[in-house]
Amino acid sequence: MSLFRCTSVAAVLAAALVAVAVQAQQPARPQLQTTKVEGTDGVYVFRNGNHQAMFIVTNDGVIATDPVGYGRPTGGQDYLNEIRKVTDKPVKYVIYSHHHFDHVAGGQALKDAGATFVAHKRAKERLAALKDPHTVVPDEAVSDSGRIITLGGTRLELTYHGLNHSDSTLVMRLPKEKIVFIVDTIPVAAFPGRGFIDIYPLETETFIQKVIAMDWDRMIPGHPGPGDRLGTKQDAQNVLTLMQEASAAIKTDAQAGKCWDAVEKDFKMEKYATLPGYANGLPMVARRYCALWGRGA
Ligand SMILES: [Zn+2]
């Protein structure tokens, strides 16, 4: 018994030392990073911590997206400063991906710089009602039929495809570059997490199917993918498959009367165990599908 304990302690210590060593080998990742998307004239990814946004530099100005400034008092100014390192052209637009504060808070510096804020009409309604002191309420609302932004030779399509991770998500597509910017609904090689709390599960499956049917090659996600890689249609398909599998499994459990407690405790998806966020995300996914199949909500 005591030998077993000693071995366990030694094993834990060894594992901790390995973890520290691995951490020490990795260069510190800067809080802010701006990267030009390969093969494009002026498409950039701005990253602040674990959030990121697309911006596009055109001949006549900049189209920016989410300020990603939640809990980051200088986030909006940092974003503007990063844009200023690339161009001195005016920031004409800030377009919100959806209404969640972790993506849209912090835009005041961009507003002060003269940008027009654009979002889906539901985002504008929600933000007007919530009156968050750190979030600029959009100037212009996009209806369900979408909008095309044209600036300095760049065409950016804003389209709405129904409920998904939120009720206000705009898909932003650059048809020439075949790039889309889609936030939160389609994580790149990561297990879904807290964002599942208010997702519309069945509608999200339809949304992802519609996104896959669109014409694009690369997706800029709202949270960096592994090694900062961009997403592909295969990533979108993987998320759809994961959701369909989770939904089917919990549907059976729910109809057997096992929601919520037993499912939240016992639900596993072993084939996804190596994805980042798996352990923390499982109970979130279980709870959301229990709400759907065990409660009807
Ligand atoms: Zn979100």
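The values are calculated or read from the model by the stated rules, or taken from the named source; none is laboratory data. What you see is a predicted model, and the numbers here were worked out from it, not measured in a lab. Glycine also receives a Cβ, built like all others from the backbone with ideal geometry; neighbour counts cover every protein chain displayed. Accessible surface is based on the protein model in full, side chains and every heavy atom, while ligands, DNA and RNA are left aside. Shrake-Rupley method; radii C 1.70, N 1.55, O 1.52, S 1.80 Å.
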The residue that is farthest from the ligand (Cβ to nearest atom), considering only those in region 144-184 that are open to solvent by less than 40 Å² (accessible area, probe 1.4 Å), in a loop (DSSP other than H, G, I, E, B) and among the hydrophobic types (A, V, I, L, M, F, W, C), is L170
Flag for K176 being among the basic types (K, R) and either in contact (Cβ under 8 Å) with a residue 60 or more places away in the chain or in contact with a Lys or Arg (Cβ under 8 Å, 6 or more places away or on another chain) (or both)
yes
Determine if region 252-264 includes at least one residue that is aromatic (F, W, Y), more than 30 Å from K36 (Cα to Cα), more than 20 Å from the chain's Cα centre (by Cα) and open to solvent by 40 Å² or more (accessible area, probe 1.4 Å).
yes
Which residue is farthest from I186 (Cα to Cα), if the candidates are limited to region 240-291 and must be hydrophobic (A, V, I, L, M, F, W, C) and not in a helix (DSSP H, G or I)?
A256
Could you check L110 against (1) within 16 Å of the ligand (Cβ to nearest atom); (2) touching a Leu at 6+ places or on another chain (Cβ under 7 Å) and say which number it fails?
(1)
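For region 86-108, does any single residue satisfy the condition of being aliphatic (A, V, I, L, M) and surrounded by fewer than 17 Cβ atoms within 10 Å (Cβ to Cβ)? I'd like the intermediate steps shown before the answer.
Let us first name the residues in region 86-108 that are aliphatic (A, V, I, L, M), namely 86, 91, 94-95, 104-105.
Narrowing further to those that are surrounded by fewer than 17 Cβ atoms within 10 Å (Cβ to Cβ): 86.
Yes - at least one qualifying residue is present in region 86-108.
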Hey, T206 hits all of (1) closer than 23 Å to S166 by Cβ; (2) open to solvent by less than 60 Å² (accessible area, probe 1.4 Å); (3) modelled with pLDDT of 95 or more; (4) in a helix (DSSP H, G or I) but one; which does it fall short on?
(2)
Have a look at P224, P201, P187, P192 and point out the one that is open to solvent by 10 Å² or more (accessible area, probe 1.4 Å) and more than 12 Å from the ligand (Cβ to nearest atom).
P224
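Evaluate region 229-249: report whether one residue or more is in contact (Cβ under 8 Å) with a residue 60 or more places away in the chain, closer than 22 Å to L282 by Cα and crowded, with 19+ Cβ neighbours inside 10 Å.
No, because not a single residue in region 229-249 is in contact (Cβ under 8 Å) with a residue 60 or more places away in the chain, closer than 22 Å to L282 by Cα and crowded, with 19+ Cβ neighbours inside 10 Å.
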Applying the selection to region 60-102, what residues are out of contact with any strand residue (DSSP E or B) (no Cβ under 8 Å at 6 or more places or on another chain) and more than 16 Å from the ligand (Cβ to nearest atom)?
P73, T74, G76, Q77, N81, R84, D88
